[in-house]
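Everything on this sheet refers to the single structure shown next.
The values are calculated or read from the model by the stated rules, or taken from the named source; none is laboratory data. On a predicted model such as this, the values are computed, not experimentally measured, just so you know. Here the Cβ positions follow ideal geometry from the backbone for every residue, glycine too, while neighbour counts run over all protein chains shown. Each accessible area value is taken on the protein alone, full model and side chains, heavy atoms only, with ligands, DNA and RNA left out. Shrake-Rupley method; radii C 1.70, N 1.55, O 1.52, S 1.80 Å.
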Amino acid sequence: MKHDTITAIATPPGTGGIAVIRLSGPDALSILDKVWTGTSPLTFIPRTAHLGTINDPKDIPVDQTVAIYFKAPASFTGEDTIEISCHGSQFIQRQILHTLVSAGARTAQPGEFTRRAFLNGKIDLTQAEAIADLIAASSQAAHDIALTQTKGQFSDELRNLREQLLQLTSLLELELDFSEEDVQFADRKALVNLATHIRNRIQRLTDSYASGNVIKKGISVAIAGAPNTGKSTLLNHLAGDDKAIVSDIPGTTRDTIEATASINGLDFRFIDTAGLRHTNDSIENLGIGRALTQLTRADFILWLIDPSLPTDPQLDLLRNHLSTIRATPHLILLTKSDLGITVPSNLNKILPQDTPILRISALTGQGIDEIIRIITGKFLNAYNPRQETIIANARHYEALIHAQESIERVLNGLDNGLNSDMISADLREILHHLGTVTGSITTPDILTTIFSRFCIGK
Ligand SMILES: Nc1nc2c(ncn2[C@@H]2O[C@H](COP(=O)(O)OP(=O)(O)OP(=O)(O)O)[C@@H](O)[C@H]2O)c(=O)[nH]1
Ligand SMILES: [Mg+2]
């Protein structure tokens, strides 16, 4: 499988000005040579555009194309690769693909070009996955995270950790050799320092996943509170669109209503929900059920309190849902500040001291920018995606969590004077988990799972 020559359309399905078809493998030049009129591909100068016509299996001209040859190993896949730019009709694309297959190429599986790049050592697994993320990124922040990883910064970091772990292992094994004589050879304090350093570094990476994952898929923000507090008005304001019906009748919104917006380089998904109250209306109750589900799913909760409405029921409601709200990053909004009504004095008794509260008005716009600033800060401030690695991939996160558990055991072991060979076993486990991230330790099954999520032609 590794030694055949594969081909696929690399541009998206559909019609375009041009389309690009890739051909990669040891027979790329000779396959093109069979179907090409123009300078013989066998004499192609690498990285130079060559004009020529591709003829179908019946020798009927299909299109005049431009081919660029990337000579192994200086290509993306590490193999001889040709990229053919043709006119972007779907017929031409299909015909050229069919022609190349008739001449001996095989149609590529999803992600097979990148898989070959990995197998040929051009990139490691984190870089391969970052390429998929780069293609999927729809916001500046998601793009920054992926771009940093395609450049190999995460890989460098893992390599660094690996070296430190090996150093730790060899220090310990030195101690192991002398254990017969009951000598603690290595300086335990130096060992603890090194292990602590490694633990901190791994933890910073695992901590970053909460941000990375949210940035990658977009931040979902639930807007909740009692009826008539101004939730739908706020949604419309944030979305810059008349998405939800606004009225002074309590219980206007039933279904959850979503609006997406790209703000400050992040993708947001704002979710307006039904006002929460006790009601006998069965449809409204269904809406309230949906609202409660959103509260447990959202990445961020905006909880609205309207001081111009009776406050006691609103404070009871807040009290009842406080543990759900506090399980997620949140912000309490006191709405309709333009009405100039004072803040309910009991609020501070219910809310823990560190709870962020903001006065806003959808009418005047007061506080709206601040809402975005606070949410953005929550997910972005702690990390700079252009400068440091942010974990945005569940597979990496899981492996690093395992590594973190093992390094905690190492630290405990050092603390409690545990046997060096037990500690060494944990260190080897960490090395294993880090190896699965970069792909130095892997199985064909894992690779198939990863690359099957790629698009064809990548
Ligand atoms: N003065 C003022 N009125 C507002 C503001 N925001 C909303 N309102 C009014 O408050 C009423 C209720 O607004 P909605 O946005 O429908 O409230 P809601 O929370 O979505 O209500 P339900 O869908 O019934 O739960 C409407 O009459 C709005 O015009 C504000 O900032 N200032
Ligand atoms: Mg509403």
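Brief remarks on what is shown
- Hits in the range 240-252 - residues which are in contact with an Asp or Glu (Cβ under 8 Å, 6 or more places away or on another chain) and either open to solvent by 20 Å² or more (accessible area, probe 1.4 Å) or away from ligand 2 (no atom under 11 Å from the Cβ) (or both): Lys243
- Contact annotation: residue pairs with Cβ atoms under 7 Å, 6 or more positions apart or on different chains, pairing a residue in the range 263-278 that is closer than 13 Å to Ile372 by Cβ with a partner that is in a loop (DSSP other than H, G, I, E, B) and more than 11 Å from ligand 2 (Cβ to nearest atom), are Gly265/Ser139; Leu266/Ser139; Asp267/Ser138; Asp267/Ser139; Asp267/Gly218; Phe268/Gly218.
- Some residue of the range 74-95 being among the basic types (Lys, Arg) and touching a strand residue (DSSP E or B) at 6+ places or on another chain (Cβ under 6 Å): no
- Test: residue in the range 317-330 that is closer than 14 Å to Leu276 by Cβ, touching a Gly at 6+ places or on another chain (Cβ under 8 Å) and either modelled with pLDDT of 95 or more or not aliphatic (A, V, I, L, M) (or both): yes
- Glu405 passes every criterion in (1) in contact (Cβ under 8 Å) with a residue 12 or more places away in the chain; (2) part of a helix (DSSP H, G or I) apart from (1).
- For the range 406-423, the criterion of being more than 25 Å from Leu171 (Cα to Cα), surrounded by 15 or more Cβ atoms within 10 Å (Cβ to Cβ) and not hydrophobic (A, V, I, L, M, F, W, C) is satisfied by no residue at all.
- Index of the failed condition, Arg277 passing every other in (1) out of contact with any strand residue (DSSP E or B) (no Cβ under 7 Å at 6 or more places or on another chain); (2) open to solvent by 60 Å² or more (accessible area, probe 1.4 Å); (3) away from ligand 2 (no atom under 16 Å from the Cβ): (3)
- As for the range 32-41, it holds no residue that is open to solvent by 40 Å² or more (accessible area, probe 1.4 Å), among the hydrophobic types (A, V, I, L, M, F, W, C) and under 40 Å from the mean Cα position of the chain (by Cα).
- Listing of helices (runs of 4 or more DSSP H) fully contained in the range 146-263 that carry 3 or more residues being closer than 21 Å to Asn412 by Cβ: 153-177, 188-217
- Whether a residue is modelled with pLDDT under 95, surrounded by 15 or more Cβ atoms within 10 Å (Cβ to Cβ) and polar (S, T, N, Q) was assessed, and Thr342 does not pass this test.
For (1) assigned by TED's automatic domain parsing to the domain that holds Arg201; (2) within 16 Å of ligand 1 (Cβ to nearest atom), each residue gets a yes or a no:
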position: Leu334; (1), (2): no, yes
position: Gln353; (1), (2): no, no
position: Ile360; (1), (2): no, yes
position: Ile368; (1), (2): no, yes
position: Val410; (1), (2): yes, no
position: Asn416; (1), (2): yes, no
position: His433; (1), (2): yes, no
